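The values are calculated or read from the model by the stated rules, or taken from the named source; none is laboratory data. No experiment lies behind these values; they were computed from the predicted model shown. FYI the Cβ positions are ideal-geometry reconstructions off the backbone, even for glycines, and counts take in every protein chain you see. Side chains included, ligands, DNA and RNA excluded: accessible areas come from the protein's heavy atoms. Shrake-Rupley method; radii C 1.70, N 1.55, O 1.52, S 1.80 Å.
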Amino acid sequence: MTGKENLIQIVYLNFFWIASYGEDLFLALDETKRGFDLFDPEDHQWMTYTEPREWYLLTTISQLRIQKKHFIIEPPFKQLVFPKTSKSFIKKLENLNVPQHFIERETTFLSFMMFYWNIYFYADDPRINYVKEYMSSEQQPLGSLIERFEVFYQPLFSERRLSTHEKELLNINIFTTCLNHSVLKDSLPLSINFMETYIKEQNPLYTPLAKKVRGFLKEIILLPEFAWISNCIEDLVYICSFLLLPYYERSNPKYQLTVGIILSPNAIFLQSLYVFLEQISFISVSFVSSTSNEKYDFYIAASKLLLPDKIKQNGNFQIIPLSPALDYQVGLIDTLHQKYTEKTTTLAD
């Protein structure tokens, strides 16, 4: 395999992760440790929301490549903000008599991968503060791109605005996505690309949203400082649309699947069901009595006896018996998503 060493290591990471989550490499190297035992205690704090296997894969791939005299030539960015990590890894490289400037580049790349490569899902992720600091610094190479992105997406969510944490996470993920592509100013080997067909098929609103994102990026690339986006525009359209999609779905009530929960005496069970459904972006859920005239796309009831005849005839319902031990979520989600896809596909045509 030839090319830029940082990309080669990312390709190996994707290969081993998709194939076996790194287990093949663990077995090949006779590595018996798993989880936190693989790392220095001071590094555990950064793994609150990341998988230790990924960090192990990165350090192991780097070490194996170095043993074959393959070095990362340049660090990904100047003056990246991150804490000092991986002391044991650095010690291993020193024992291999790796020149200090190569050690610095390898460890910088490792920190870049662990702090700037992945998508963030939680605002309290301990790594985020470093990304925020770099994002607001004068050293970051994207200029006003994130501010322009925010001006673009805010009108898309006018029906239900983002919370402070949601906006922060979204901006950080858009920032790291664009930052990663600006390294090469070209397409990148991303594991998320293997999901593209599935995401398009399972999310009818993806296509109209992607059209809006593509239109925004085509305007942006007319500015000289963002001309590089033209080389990776389809990658950015896909990933940024994926990041925006959950908020876009919930901000378009016309496309949401309206779900009515038929009231019954077991309020505790119904409340937990309501909370569960309320967290799903493509659903608008309400409590409803069996005599209500309000119409919903789908109904949930504890018994068929609680359903009006018209709903029984239409078949747009699911019975969930009142049992706190019953695992109903997976089957229910599949049914609701199928109904949602049918509705949005019809409206989009």
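Worth a mention:
- Exposure ranking of LYS78, LYS4 by accessible area [1.4 Å probe, largest first]: LYS78, LYS4
- Around the amide H of ILE119, modelled in the peptide plane, lies no amide H under 5 Å away from a residue 5 or more places distant or on another chain.
- Cα-based shape type of region 13-134, given that a ≥ b ≥ c are square roots of the gyration tensor eigenvalues and the cut on a/c is 1.5: oblate
- With Cα atoms, 0 to 90° folded angle of helix 52-67 axis to the chain main axis: 30
- C-alpha long axis of helix 164-184 to longest principal axis of the chain, angle in °: 40
- Accessible carbon and sulfur surface of the chain relative to its total accessible area, %, 1.4 Å: 53
- Net charge of Cβ neighbours under 13 Å - reference ILE103; Lys, Arg +1; Asp, Glu -1: +2
- Crossing angle, helix 100-112 versus the chain [Cα axis fit, 0-90 degrees, rounded to tens]: 0
- The chain, dipole about Cα centre (Lys/Arg Cβ +1, Asp/Glu Cβ -1), debye to the nearest 20: 480
- Shown in residue order for region 282-294 are the 3J(HN,Hα) couplings computed by the Karplus curve 6.51 cos²θ - 1.76 cosθ + 1.60 at θ = phi - 60°: 8, 10, 10, 10, 9, 7, 8, 7, 5, 9, 5, 8, 5 Hz (x for Gly and Pro).
- In terms of packing, defined here as the mean over residues of other Cβ atoms within 10 angstrom, the peptides 236-248, 309-321, 201-213 line up highest first as 236-248, 201-213, 309-321.
- Its relative contact order, with pairs defined as Cα atoms under 8 Å and 6+ residues apart, puts the chain at 12 percent.
- Max mean-square fluctuation residue, GNM over the chain, Cα-Cα springs under 10 Å, options PRO52, PRO141, PRO265: PRO265
- Extension reserve of the ASP309-ASP40 stretch, reckoned as 0.36 nm per residue once the Cα distance is removed: 90.4 nm
- Here the gap between HIS101 and ILE73, fully extended at 0.36 nm per residue and compared with their Cα-Cα distance, gives a gain of 9.1 nm.
- Exposure rank, largest accessible area first [MET114, MET135; 1.4 Å]: MET135, MET114
- Relative contact order %, region 186-321, counting alpha carbon pairs below 8 Å whose residues are six or more apart: 19
- Heavy-atom accessible area per residue - the chain, 1.4 Å, Å²: 52
- Distance (nanometres) between label positions extended 7 Å along Cα→Cβ at GLU147 and SER264: 5.6
- Compactness relative to 2.2 N^0.38 Å, alpha carbon Rg of region 200-312: 1.54
- Partner aspartates and glutamates for LYS211 [C-alpha distance under 16 Å; skip if fewer than 8 residues away on the same chain]: GLU196, GLU201, GLU219, GLU234, ASP235, GLU249, ASP349
- Positive minus negative residues near TYR122 (Lys, Arg vs Asp, Glu; Cβ under 13 Å): -3
- By the compact-protein rule of thumb, 2.2 N^0.38 Å, the alpha-carbon radius of gyration of the chain corresponds to a ratio of 1.19.
- Extension gain, SER289 to TYR274, is 4.0 nm, computed as 0.36 nm per intervening residue step minus the present C-alpha separation.
- Ratio of Rg to Rh over region 65-110 (Cα coordinates, Kirkwood Rh, two decimals): 0.94
- Each Lys or Arg adds one and each Asp or Glu takes one away; over the other residues whose Cβ falls under 15 Å from the Cβ of LYS69, this sums to +1.
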